[in-house]
Amino acid sequence: TKVIALLNQKGGVGKTTQATNVACWLHKQGFKVLLVDLDPQGSATEWSETRDSDDDFPVVSMGTKVARDLPRVAGGYDYVVLDGAPQIKDLAGPAVKAADLVLIPCQPSPFDIYSCATLVELIQARQEVTDGKPLAAFVVSRVIKNTHLSREVREALAEYELPIFDAHTTQRVAYADCAKGGSVMDLPETDKARQEIEALGREMLEMLN
Ligand code: ADP
Ligand code: MG
């Protein structure tokens with residue numbers, strides 16, 4: 001079982017959007033998937049309750065005891081996707097501990113880039129005592145095409161010395177439409193948002209394997 005955590009202490013950066021869509025992508029690839037909602041606000045749980053699909057994967061919620069509790073339920077799944085919560089100081093540590101790969105969705109804005117510092121430090125401190133686990137990478141989120149910030153964000157993030165995925169999400173209505181149980185993976189293969197999630201999924205598995 002490989003555990004992929006979408007973490008960022010800031011809210012609204014795309015954690016739930018990337019977590020639910022990537023979970024749908026993994027499921028579509030034929031993997032056994034468990035989605036874990038770490039957010040007390042329960043966005044991923046709500047998403048799954050409104051999802052209209054009988055061929056799907058389970059969503060469970062967990063809190064700060066995720067590092068302890070996850071192994072009890074993760075057996076039998078190929079991939080566990082953790083949807084992180086904002087501003088929960090005690091949650092990032094256990095989530096980083098439980099993860100094989102941490103993805104940090106980050107919007108192309110200076111404030112969002114600065115606010116990743118604590119999480120990056122936490123991950124790097126963990127990597128030092130565990131010989132590099134978890135792997136970690138930034139995923140640029142909600143890119144607005146042809147803006148100078150979108151071009152500069154990679155340069156700014158590079159200062160953190162974590163990899164930055166080529167895959168990213170662009171600001172698109174298709175993602176906003178996912179809130180009520182939808183996924184861009186339900187859209188036609190030619191859909192641009194779907195193709196972004198597919199690229200994200202592939203890059204994620206390349207890093208893990
Ligand atoms: P987080 O889980 O980090 O708080 P969400 O995934 O819930 O962030 O995203 C916050 C809001 O932004 C949601 O309303 C979501 O639909 C929207 N959103 C996220 N990513 C995109 C995107 N690439 N394009 C358009 N809207 C997006
Ligand atoms: Mg969320």
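Looking at segment 81-91, which of the residues that are crowded, with 24+ Cβ neighbours inside 10 Å and outside any loop (DSSP other than H, G, I, E, B) is nearest to ligand 2 (Cβ to nearest atom)? Walk me through it before giving the result.
Residues of segment 81-91 that are crowded, with 24+ Cβ neighbours inside 10 Å, as a first pass: 81-85.
Next, only the ones that are outside any loop (DSSP other than H, G, I, E, B) stay: 81-83.
Numbers: Val81: 12, Leu82: 11, Asp83: 6 Å.
Here the answer is Asp83.
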Which of the residues spanning segment 1-54 are more than 10 Å from ligand 2 (Cβ to nearest atom), among the small types (Gly, Ala, Ser) and not in a helix (DSSP H, G or I)? Ala5, Gly30, Ser53
For residues that are outside any helix (DSSP H, G or I) and touching a residue at least 12 places away in the same chain (Cβ under 8 Å), scanning just segment 120-138, find the one that is nearest to Thr64 (Cα to Cα). Pro134
So Leu91 ticks every box in (1) within 16 Å of Lys133 (Cα to Cα); (2) touching a Gly at 6+ places or on another chain (Cβ under 8 Å) but one. Which box is left unticked? (1)
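Here is a yes/no grid of residues against (1) surrounded by fewer than 14 Cβ atoms within 10 Å (Cβ to Cβ); (2) among the hydroxyl-bearing types (Ser, Thr, Tyr); (3) under 27 Å from Asp55 (Cα atoms):
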{"residue": "Thr118", "(1), (2), (3)": "yes, yes, no"}
{"residue": "Glu121", "(1), (2), (3)": "yes, no, no"}
{"residue": "Glu128", "(1), (2), (3)": "yes, no, no"}
{"residue": "Lys180", "(1), (2), (3)": "yes, no, yes"}
{"residue": "Asn209", "(1), (2), (3)": "yes, no, yes"}
Conditions (1) of a type outside the set (Phe, Trp, Tyr); (2) within 14 Å of Lys15 (Cα to Cα); (3) modelled with pLDDT under 95: number failed by Arg142: (3)
Return the pairs, sorted by first residue and then second, in which the second residue is among the β-branched types (Val, Ile, Thr), the first residue lies in segment 93-119 and is closer than 13 Å to Gly12 by Cβ, the beta carbons are less than 7 Å apart, and the residues are 6+ apart or on different chains. Pro105/Val13; Pro105/Val139; Cys106/Val13; Cys106/Ile113; Cys106/Val140; Gln107/Val13; Asp112/Val13
Restricting attention to segment 40-53, which residues are out of contact with any strand residue (DSSP E or B) (no Cβ under 6 Å at 6 or more places or on another chain), within 16 Å of ligand 1 (Cβ to nearest atom) and touching a residue at least 12 places away in the same chain (Cβ under 8 Å)? Pro40, Gln41, Gly42, Ser43, Trp47, Glu49, Thr50, Arg51
For the structure I just gave you, tell me whether Ala117 is within 12 Å of ligand 1 (Cβ to nearest atom) and out of contact with any strand residue (DSSP E or B) (no Cβ under 6 Å at 6 or more places or on another chain). no
Restricting attention to segment 149-190, which residues are in contact with a Leu (Cβ under 7 Å, 6 or more places away or on another chain) and within 16 Å of ligand 2 (Cβ to nearest atom)? none
Go through segment 55-78 and give me each residue that's under 14 Å from Ala95 (Cβ atoms), part of a loop (DSSP other than H, G, I, E, B) and not hydrophobic (A, V, I, L, M, F, W, C). Gly63, Thr64, Lys65
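In segment 63-80, which residues are surrounded by 14 or more Cβ atoms within 10 Å (Cβ to Cβ) and either under 23 Å from Gln127 (Cβ atoms) or more than 18 Å from the chain's Cα centre (by Cα) (or both)?
Thr64, Val66, Ala67, Asp69, Leu70, Val73, Ala74, Tyr79, Val80
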Out of Leu122, Leu101, sole residue that is closer than 21 Å to Ala19 by Cα, touching a Pro at 6+ places or on another chain (Cβ under 7 Å) and away from ligand 1 (no atom under 16 Å from the Cβ): Leu101
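The values are calculated or read from the model by the stated rules, or taken from the named source; none is laboratory data. This structure is a prediction, so every number in the text was calculated from the model and none was measured. Please note: Cβ atoms are built from the backbone with ideal geometry, for glycine as well, and neighbour counts cover all protein chains shown.
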